[in-house]
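The values are calculated or read from the model by the stated rules, or taken from the named source; none is laboratory data. Everything numeric here is computed off the predicted structure, so don't read it as measured data. So basically every Cβ, Gly included, is an ideal-geometry build from the backbone, and we count neighbours across all protein chains shown.
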Amino acid sequence: MIVEKSLVEIADAIARREVSAREVLDASLAQIEKQQPRLNCFTSIEAEDAQKAADAADAAQARGDALGPLHGVPLAHKDLFYRAGKVATCASEIRRDMKVDTTSTALARLEAAGAITVGMLNMAEFAIGPTGHNPHWGHCRNPWDPDYISGGSSSGSGAAVGGRCVFGALGSDTGGSIRLPANFCGVVGLKPTQTRVSCYGAMPVSFSMDCFGPLARTPRDVARLMTVAAGHDPQDPTSSRRPVPDYEAALDGDLKGLRVGVPTSHYYEPGIDADVERVMRESLDALVAAGAEVVEVAMPDHKRLIDLGTMVTFVEAAVAHKQWMHERPQDYSPQGLARLELGLGYPATAYLEALQLRPVLVQDFIDQVFGACDVLHTPTSPFAPKTVEETDVGASPDLVAFLNNIGRCTRAVSYLGLPGISVPAGFSDTGMPIGFQLIGRPFDEVGLLRTAHLYEQSVGGLLGNVAPKMPRTAWPPDE
Amino acid sequence: MSDDELVRTLIESFSGYRVNPESAKRIASENKAVRQGLENSAQSLADVQPANYENVLDNGAPK
């Protein structure tokens, strides 16, 4: 079945003329038609434009044109990536009809490599929210069971890839927004090093901490997307000028001698599910069986890192949203507005202190953690997916405690700007996916992807290779 | 003046943004927790170069 193939399998099948781009797209659109009523993972589906692009891709192949590494592959992206002349809703009320006049560099690079954009994906309003709840566009739901959250803020990116609607997606991550939906939806999600992927042409949450990266079903898929999307962009002067490796070519090798760090504090403190602890142990056992060595590693003060990151994020977000907060406060969700308002209350000196401490604390983290291990292994989330209902905290007094818990394993990495990848590894007792996170040195996406790939090989495939049972429960419930 | 009222007054004075009492309470509480955490781990920033972050990332990459 076409939609069960991985991105690399389908791209290579198109290149070998075993299947046409149009056949792949039609299969993808048929899957979207089945899944969208159940998952609500798209904000727009552009079937006609995508069909024209697929026909053009087939014609180009028939002419013998040079093909890019994503030729004819259907993708969709979080609806905060801009495309000139089109609306980028950010799954908000405020930008529901607002057209933009620029195009995201990351998205443009994927299309230039042959990818076909079939639509844009649901997300937390303005990328501020870790669960997938959205009162404006409807909640995005988990492909393994639509009663459960998809995670966020790149909720549609996780759900559409996990639900086999598309073969990969771009997401953005400011505190866990790629890794959490990847974790909850049973797919692979990479938050690259800060500055590795251009941030030009997208709605920012926090210009100091935003990172764009891919979600797909396997580490090899993510590697192919990263090789295309990463690299310096003159339109984003902060983007790194380091050469981009061929991530896919660097996947092979072995894990012998790799030091996998297990944190001695913070990540396993009370509040973590027994299911998550079990899956972490099982994944570490698999890594050891494949040749890695597990070492315990003392952690720097993570509460401090998270507090500093929260401050930077919400001060910068409040600045980006200032005009709309003044003029259209009623058009924000209660939770979105409550979180943006936090940014108005920090003194300028505290914000600057957080930015000035960043290089100091990154260096400390590198010395302390990566002096003792090559990659750090942690849970991505302290809990397995919960239901949409039980996590609907809105702007209630429970909000801050809930947010602190769900982002406990991802937010420090964002403040530091290090790369982190979420890798599917097992299931909860309720049958929902659980992943682990690997954290690496700056620009060690190669190390993370290779470790994830070799883990996948050692266990005979990730959950990303297993289709969610559909439908486990009917959705909507009254149908 | 309570912390809530102080936060509300400062935000409205500096930004003109109207903060309702419930929001002011939440902002004051959250910001106090963050500030206390930072005060407990204070360190001198006198010799830190503000533009050094990208260099630290670059130098921290695998050799």
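Considering the conditions (1) of a type in the set (D, E, K, R); (2) at pLDDT 95 or above; (3) in a loop (DSSP other than H, G, I, E, B); (4) over 30 Å from A:MET311 (Cβ atoms), A:ARG450 is excluded by exactly one of them, (3). If I filter the range A:391-425 down to residues being at pLDDT 95 or above, touching a strand residue (DSSP E or B) at 6+ places or on another chain (Cβ under 6 Å) and not aliphatic (A, V, I, L, M), which single residue comes out as nearest to B:ALA28 (Cα to Cα)? Within the range A:391-425, the match that is nearest to B:ALA28 (Cα to Cα) is A:CYS409. Selection of the range B:35-63 for residues being small (Gly, Ala, Ser), more than 8 Å from chain A (Cβ to nearest Cβ) and outside any helix (DSSP H, G or I) yields B:ALA42, B:SER44, B:ALA46. Yes or no: the range A:409-418 includes at least one residue that is more than 14 Å from every other protein chain (Cβ to nearest Cβ), buried (at least 21 other Cβ atoms within 10 Å of the Cβ) and assigned to a loop (DSSP other than H, G, I, E, B). Scanning the range A:409-418, I find at least one residue that is more than 14 Å from every other protein chain (Cβ to nearest Cβ), buried (at least 21 other Cβ atoms within 10 Å of the Cβ) and assigned to a loop (DSSP other than H, G, I, E, B), so the answer is yes. The sole residue among B:LYS32, B:LYS25 that is within 19 Å of A:MET311 (Cα to Cα), loosely packed, with under 15 Cβ neighbours inside 10 Å and more than 8 Å from every other protein chain (Cβ to nearest Cβ) is B:LYS32. Kindly provide the set of residues from the range A:1-54 that are without any contact (Cβ under 8 Å) to a residue 24 or more places away in the chain and in contact with a helix residue (DSSP H, G or I) (Cβ under 6 Å, 6 or more places away or on another chain), ordered by number. Scanning the range A:1-54 gives a single hit, A:VAL19.
Across the range A:122-150, the qualifying residues are those that are in a loop (DSSP other than H, G, I, E, B) and among the aromatic types (Phe, Trp, Tyr), and the one among them that is farthest from the chain's Cα centre (by Cα) is A:TRP137. Give just the number: which of (1) buried (at least 23 other Cβ atoms within 10 Å of the Cβ); (2) among the charged types (D, E, K, R); (3) over 30 Å from A:LEU448 (Cα atoms) does A:ARG358 not satisfy? Unmet condition: (3). Would you check which residues across the range A:338-352 are in contact with a helix residue (DSSP H, G or I) (Cβ under 7 Å, 6 or more places away or on another chain) and surrounded by fewer than 21 Cβ atoms within 10 Å (Cβ to Cβ) and list them? Of everything in the range A:338-352, those that are in contact with a helix residue (DSSP H, G or I) (Cβ under 7 Å, 6 or more places away or on another chain) and surrounded by fewer than 21 Cβ atoms within 10 Å (Cβ to Cβ) turn out to be A:ALA350, A:TYR351. Exactly one residue out of A:ALA106, A:ALA88, A:ALA57 is of a type outside the set (Asp, Glu) and either touching a strand residue (DSSP E or B) at 6+ places or on another chain (Cβ under 6 Å) or without any contact (Cβ under 8 Å) to a residue 24 or more places away in the chain (or both): that is A:ALA106. Looking only at residues of the range A:69-85 that are surrounded by fewer than 24 Cβ atoms within 10 Å (Cβ to Cβ) and touching a strand residue (DSSP E or B) at 6+ places or on another chain (Cβ under 7 Å), we find that the one that is farthest from A:VAL205 (Cα to Cα) is A:GLY85. When A:ALA298 is tested against (1) away from chain B (no Cβ under 14 Å); (2) surrounded by 15 or more Cβ atoms within 10 Å (Cβ to Cβ), exactly one condition is not met: (2).
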